[in-house]
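Enquirer: Quick one: the structure is below, questions incoming.
The values are calculated or read from the model by the stated rules, or taken from the named source; none is laboratory data. As the structure is a computational prediction, the values presented were derived from the model and not from experiment. Cβ atoms come from the backbone with ideal geometry, glycine included; neighbour counts cover every protein chain shown. Note: areas computed on protein heavy atoms with side chains; ligands, DNA, RNA excluded. Shrake-Rupley method; radii C 1.70, N 1.55, O 1.52, S 1.80 Å.
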Amino acid sequence: MPALTGKKTAREGDSDRHGGSEVVSVQPGSGPTVLRILLGSQLRRLRERKGITREDAGYTIRASGSKISRMELGRVSFKERDVTDLLALYGVADDGERTVLVELARQANSPGWWHKYSHVLPDWFQVYVGLEEAASLIRIYELQFVPGLLQTAGYARAVVRLGQRAADPQEVENRVSLRLDRQRVLTKPNAPRLWAVVDEAVLRRPIGGADVMRGQLERLIEAAKQPNITLQVIPFRIGGHAAEAGSFTVMRFPEPDLPDVVYLEQLTSALYLDKREDAERYTEVMERLSVASEPPEQTVEILSQILEEVD
C-alpha cells in the first residue's frame with residue numbers, strides 16, 4: 001500500500017494484523033474515526049469475499065467505484081441505507097451481523113468532540129486526533145518541540161504563534177484550547193499509555209522565553225511521575241542516532257482489526273502509514289531510540305537539572 005498523503009485518512013490494502021478475522025471488534029470509547037475505518041474494512045472484506053468489484057458495488061448504491069473506495073478507507077460518513085444495500089449485495093443474511101454493522105454505521109456518523117474546532121483543524125489532522133483518542137499506546141519521538149499531549153498553555157501558545165504568524169489572537173487561543181483538550185485523553189478511564197522520547201534540544205530550546213520554559217519543564221517533571229506516561233531524554237553526548245528522518249508517532253489500538261499507524265507530519269499535510277513493514281520499521285527505530293536514551297528513572301533528575309539552568 002502506498003503512503004497516504006494530504007487529506008487521505010487511512011488504510012488500503014491488507015487484512016487485519018491478526019490474519020483477516022471476519023468479526024468486527026469494537027472497544028468501548030472508540031471514536032468515530034476508528035469506527036469508520038473498522039466498518040469500511042469489514043465492508044471491503046465482505047465485498048472481496050464475494051468477488052464483487054467496487055464499480056458494481058457502487059452501482060448498487062447509486063454511486064461510483066471511487067465512492068466505495070472512500071467508504072472502505074473510512075474517509076467518508078456512511079448512510080445507513082447504503083450499508084443495508086451493500087450487505088444485501090454481499091449476501092449477509094444473518095440478522096445479528098446486519099444489525100451490528102448498521103449500528104456501527106450509525107455510531108460512526110457521530111461527530112467527535114473535536115468537531116467544534118473544525119474551523120482551525122485541517123482535515124488531515126482531524127484524522128490524527130480521532131486516532132489519538134482511540135489508541136491504547138502512543139509512542140512519540142520529538143526532535144524540536146515538546147509533544148503536544150504534554151505542552152503547557154504558554155508553551156503551546158508560543159509554538160502556535162511560530163507556525164501561524166498571520167493568525168489573529170482568537171485563532172491562536174482556539175488552537176491552544178484544542179491542544180489542551182487533546183490532553184484529556186491521558187486522564188480518561190482506560191487512558192492510553194504514552195511513551196515519549198525527546199531529544200535534549202527540545203528541553204533546551206527557549207520556546208516562549210524563560211518563564212514559559214520553566215513552567216513547561218515543571219509540567220514534564222509531573223508528567224514523568226504519572227503511571228501511564230514514560231518520558232525519556234536522548235542526551236547530546238549520544239551524537240547521531242536511529243531517527244535520522246525526524247519526528248514521528250506510532251499508535252497502537254485495542255481493536256484487533258486496526259493495524260498500527262505511523263504518523264508523519266509535514267508542513268501542510270501528513271502521512272499515515274499502516275503497512276505492517278512500515279509500522280515494524282518505525283517501531284524498531286523507536287526501540288533503538290529508547291535504548292540510546294537515558295533510562296526513564298533518570299528523567300526527573302535530568303529535567304530538574306535543566307530547570308535549574310534556565311535563566
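Enquirer: Can you tell me which residue is farthest from Tyr263 (Cα to Cα) among those in the range 124-147 that are open to solvent by 20 Å² or more (accessible area, probe 1.4 Å) and part of a helix (DSSP H, G or I)?
Expert: Ranking the qualifying residues of the range 124-147, first place goes to Glu133.
Enquirer: For the range 276-297, give me each residue that is assigned to a loop (DSSP other than H, G, I, E, B) and either open to solvent by 100 Å² or more (accessible area, probe 1.4 Å) or among the charged types (D, E, K, R) (or both).
Expert: Listed by number, the list holds a single entry, Glu294.
Enquirer: Which of the residues that make up the range 164-179 are within 30 Å of Gln232 (Cβ to Cβ) and open to solvent by less than 60 Å² (accessible area, probe 1.4 Å)?
Expert: Across the range 164-179, the qualifying residues are Arg175, Val176, Ser177, Leu178, Arg179.
Enquirer: Right, Phe253: open to solvent by 10 Å² or more (accessible area, probe 1.4 Å), aromatic (Phe, Trp, Tyr) and either at pLDDT below 95 or over 14 Å from Pro147 (Cα atoms) (or both) or not?
Expert: Judged against the criteria, Phe253 is not a match.
Enquirer: Okay, next question. Can you name the residue in the range 180-198 that is open to solvent by 20 Å² or more (accessible area, probe 1.4 Å) and in a strand (DSSP E or B) and is also farthest from Gly239 (Cα to Cα) among such residues?
Expert: Arg193
Enquirer: Same structure again: Could you list, in sequence order, the residues of the range 225-250 that are under 21 Å from the mean Cα position of the chain (by Cα) and surrounded by 20 or more Cβ atoms within 10 Å (Cβ to Cβ)?
Expert: Ile229, Leu231, Gln232, Ala243, Phe248, Thr249, Val250
Enquirer: Can you spot a residue in the range 103-111 that is of a type outside the set (A, V, I, L, M, F, W, C), touching a residue at least 40 places away in the same chain (Cβ under 8 Å) and open to solvent by less than 20 Å² (accessible area, probe 1.4 Å)?
Expert: no
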